[in-house]
1. Starting from the Cα-Cα distance between residue 123 and residue 106, subtract it from 0.36 nm times their residue separation and give me the gain in nm to one decimal.
2. In Å, what Kirkwood hydrodynamic radius results for region 90-135 from the alpha-carbon pair distances?
3. When the convex hull of the Cα atoms of region 20-72 is projected onto a plane and the area is averaged over all directions, what value comes out in nm²?
4. Assuming R0 = 45 Å, what is the FRET efficiency of residue 22 and residue 115, from their Cβ-Cβ distance, to the nearest 0.05?
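Read-outs throughout are calculated quantities, based only on the coordinates presented, and are distinct from any laboratory measurement. Quick caveat: nothing in here was measured; it's all calculated off a predicted structure. Cβ placement follows ideal geometry from the backbone for every residue including glycine, while neighbour counts extend to all protein chains displayed.
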């Protein structure tokens, strides 16, 4: 019982706080920061604005552009859902998405080219190492006999006398 009363008091205290109103330029700047890759949690703590509000601004900016962030607070009269975004806004969104995709593809290509270069260096090293091993290898006498060394070769200076 007491817990519920305490929660009600906290809820009333929060409702008593004045509601902050942000202008369009501020919302656009925050939405651009989110779109640029800044974390929502970090930004929420920094600006002391709920994360859900920040994401709502970001999504509205994506769909409707800056004009979508200029509406009056509260429920729009006579509307249940959002209006369809303007074709120009959709084209701008698609163009931005294509640019991001192209940039990501360019980064991936550069990464793969570096990897191919590293593998080429490794292959070159292994080829040279294999060539040296082949040069140092002495031919055997055949039938499983081991190769002769300079000391045991016929005609060497170390003979049993």
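1. 3.6 nm is the gain from fully extending residue 123 to residue 106.
2. It works out to 13.4 Å.
3. 3.3 nm²
4. For residue 22 and residue 115, the calculated efficiency is 0.45.
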